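Student: Here you go, one structure.
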Amino acid sequence: MAEESVLRIPARLEGMDLILSFVSFLLDSHGCSPQARTQLRMAVEELYVNVTLYAYPSGDGWAEIRGCVEDGIATFKLIDGGTPFNPLEKDDPDIMLSGEERGIGGLGIFMVKTMVDEVEYEYRDGCNQLTLRKQL
Amino acid sequence: MKLTPKKDGTELTIQLSGELNTLTAPELSSLLDKELGGVKNLILDFAECDYVSSAGLRVLLATFKQMKVAKGGMELTNVGENFKDVLQNTGLDAVFGVF
């Protein structure tokens, strides 16, 4: 079983660089390709930003990231103790619309789904837990 | 992120260097707010920026709409492999002029 690395920080936007450095550090130490690294960083960015914006509507809270690489597969789990919310249930945007017809937002979670091999949500032990998996 | 604007008449070119993400997208947005007046052709050069998250796409889409209203054009140049994937996966390669 690969050793899991863990980082827990206040769930604030300013912490995003720290979370992404954690992702890069772990992937770089396993010889990850630049493309997979960028895709995983972007997927984690989208999910972490969601936590900072929506998990704790009434005040401060925490976010935790856990990561490991085993048998060439990177797994990251993003956990928060905020309001139960599954972002994956959101409808996918209609990507066939023209530029004029499109809204300017709503692409983040959809992008996560396209950039990793698997993404799962569960509410467990009073926490939102989102797990990303990607073959490196 | 480093943003280098260059204006030539009604054409504005901005070179982006670094990552266009949630923390840096507001920098591009405020530069565009400042520089976009009177511009008919906007060129965004991504030669040194191959990381564009949804926050960056939001700024690009808002700017695209603004340019359409002003009857101007917007092009993305020197788009790298990662950014190209993002544009294809979100259908935005068919919206923006990508070179």
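The values are calculated or read from the model by the stated rules, or taken from the named source; none is laboratory data. Quick caveat: nothing in here was measured; it's all calculated off a predicted structure. As a convention, Cβ positions derive from the backbone with ideal geometry for all residues, glycine included, and neighbour counts pool all protein chains shown.
Student: Can you report the number of residues in the stretch A:15-54 which are without any contact (Cβ under 8 Å) to a residue 60 or more places away in the chain, among the acidic types (Asp, Glu) and within 11 Å of another protein chain (Cβ to nearest Cβ)?
Tutor: Counting residues in the stretch A:15-54 that are without any contact (Cβ under 8 Å) to a residue 60 or more places away in the chain, among the acidic types (Asp, Glu) and within 11 Å of another protein chain (Cβ to nearest Cβ) gives 2.
Student: Scanning the stretch A:4-14 for residues that are out of contact with any Cys (no Cβ under 9 Å at 6 or more places or on another chain) and more than 12 Å from chain B (Cβ to nearest Cβ), which turns out farthest from residue A:62 (Cα to Cα)?
Tutor: Just the residues of the stretch A:4-14 that are out of contact with any Cys (no Cβ under 9 Å at 6 or more places or on another chain), to begin with: A:6-14.
From the residues that got through so far, the ones that are more than 12 Å from chain B (Cβ to nearest Cβ) too are A:6-11.
Details: A:6: 13, A:7: 10, A:8: 7, A:9: 6, A:10: 4, A:11: 5 Å.
Among those that are out of contact with any Cys (no Cβ under 9 Å at 6 or more places or on another chain) and more than 12 Å from chain B (Cβ to nearest Cβ), it is A:6.
Student: Select from the stretch A:63-99 the residues that are modelled with pLDDT under 90 and in contact with a helix residue (DSSP H, G or I) (Cβ under 7 Å, 6 or more places away or on another chain) and write down the one among them that is surrounded by the fewest Cβ atoms within 10 Å (Cβ to Cβ). Talk me through it step by step, then tell me what you get.
Tutor: Going residue by residue through the stretch A:63-99, those that are modelled with pLDDT under 90 are A:90-99.
Filter again for in contact with a helix residue (DSSP H, G or I) (Cβ under 7 Å, 6 or more places away or on another chain), leaving A:90, A:92-93, A:99.
On the way: A:90: 13, A:92: 11, A:93: 18, A:99: 18.
Top of the filtered list is A:92.
Student: Could I ask something else about it? Can you find even one residue in the stretch A:64-73 that is out of contact with any Lys or Arg (no Cβ under 6 Å at 6 or more places or on another chain), in a helix (DSSP H, G or I) and not aliphatic (A, V, I, L, M)?
Tutor: No: zero hits.
Student: Out of (1) small (Gly, Ala, Ser); (2) touching a helix residue (DSSP H, G or I) at 6+ places or on another chain (Cβ under 8 Å); (3) at pLDDT 95 or above, what's the single condition that is false for residue A:21?
Tutor: With (1) small (Gly, Ala, Ser); (2) touching a helix residue (DSSP H, G or I) at 6+ places or on another chain (Cβ under 8 Å); (3) at pLDDT 95 or above applied to residue A:21, the lone miss is (2).
Student: Additional query: Among the residues of the stretch A:116-125, is there at least one that is within 23 Å of residue A:28 (Cβ to Cβ) and either among the polar types (S, T, N, Q) or in a loop (DSSP other than H, G, I, E, B) (or both)?
Tutor: First, pick out the residues of the stretch A:116-125 that are within 23 Å of residue A:28 (Cβ to Cβ): A:116-119.
From what's left, either among the polar types (S, T, N, Q) or in a loop (DSSP other than H, G, I, E, B) (or both): A:116-117.
Scanning the stretch A:116-125 turns up at least one residue that is within 23 Å of residue A:28 (Cβ to Cβ) and either among the polar types (S, T, N, Q) or in a loop (DSSP other than H, G, I, E, B) (or both).
Student: I'd like to verify a number: residues in the stretch A:105-115 that are part of a loop (DSSP other than H, G, I, E, B) and aliphatic (A, V, I, L, M), how many?
Tutor: Filtering the stretch A:105-115 down to residues part of a loop (DSSP other than H, G, I, E, B) leaves A:105-107.
So of that shortlist, the ones also aliphatic (A, V, I, L, M) come out as A:107.
Summing the residues that are part of a loop (DSSP other than H, G, I, E, B) and aliphatic (A, V, I, L, M) in the stretch A:105-115 gives 1.
Student: Within the stretch B:19-61, restricting attention to residues that are in a strand (DSSP E or B) and among the hydrophobic types (A, V, I, L, M, F, W, C), which residue is surrounded by the fewest Cβ atoms within 10 Å (Cβ to Cβ)? Outline the logic, then answer.
Tutor: Taking the stretch B:19-61 as the starting set, the residues that turn out to be in a strand (DSSP E or B) are B:20, B:41-48, B:52.
Next, only the ones that are among the hydrophobic types (A, V, I, L, M, F, W, C) stay: B:20, B:42-44, B:46-47, B:52.
Values: B:20: 26, B:42: 23, B:43: 20, B:44: 24, B:46: 23, B:47: 12, B:52: 27.
So, considering only residues that are in a strand (DSSP E or B) and among the hydrophobic types (A, V, I, L, M, F, W, C), the one surrounded by the fewest Cβ atoms within 10 Å (Cβ to Cβ) is B:47.
Student: So, one more: Looking only at the stretch B:64-99, which residues are within 10 Å of another protein chain (Cβ to nearest Cβ), assigned to a helix (DSSP H, G or I) and more than 19 Å from residue A:111 (Cβ to Cβ)?
Tutor: Of everything in the stretch B:64-99, those that are within 10 Å of another protein chain (Cβ to nearest Cβ), assigned to a helix (DSSP H, G or I) and more than 19 Å from residue A:111 (Cβ to Cβ) turn out to be B:65, B:67, B:68, B:69.
Student: Could you tell me which numbered condition residue A:102 fails, if it satisfies all but one of (1) surrounded by fewer than 17 Cβ atoms within 10 Å (Cβ to Cβ); (2) part of a loop (DSSP other than H, G, I, E, B)?
Tutor: (1)
Student: With respect to the numbered conditions (1) under 18 Å from residue B:89 (Cα atoms); (2) touching a residue at least 12 places away in the same chain (Cβ under 8 Å); (3) not hydrophobic (A, V, I, L, M, F, W, C), which one is the sole condition not fulfilled by residue A:66?
Tutor: (1)
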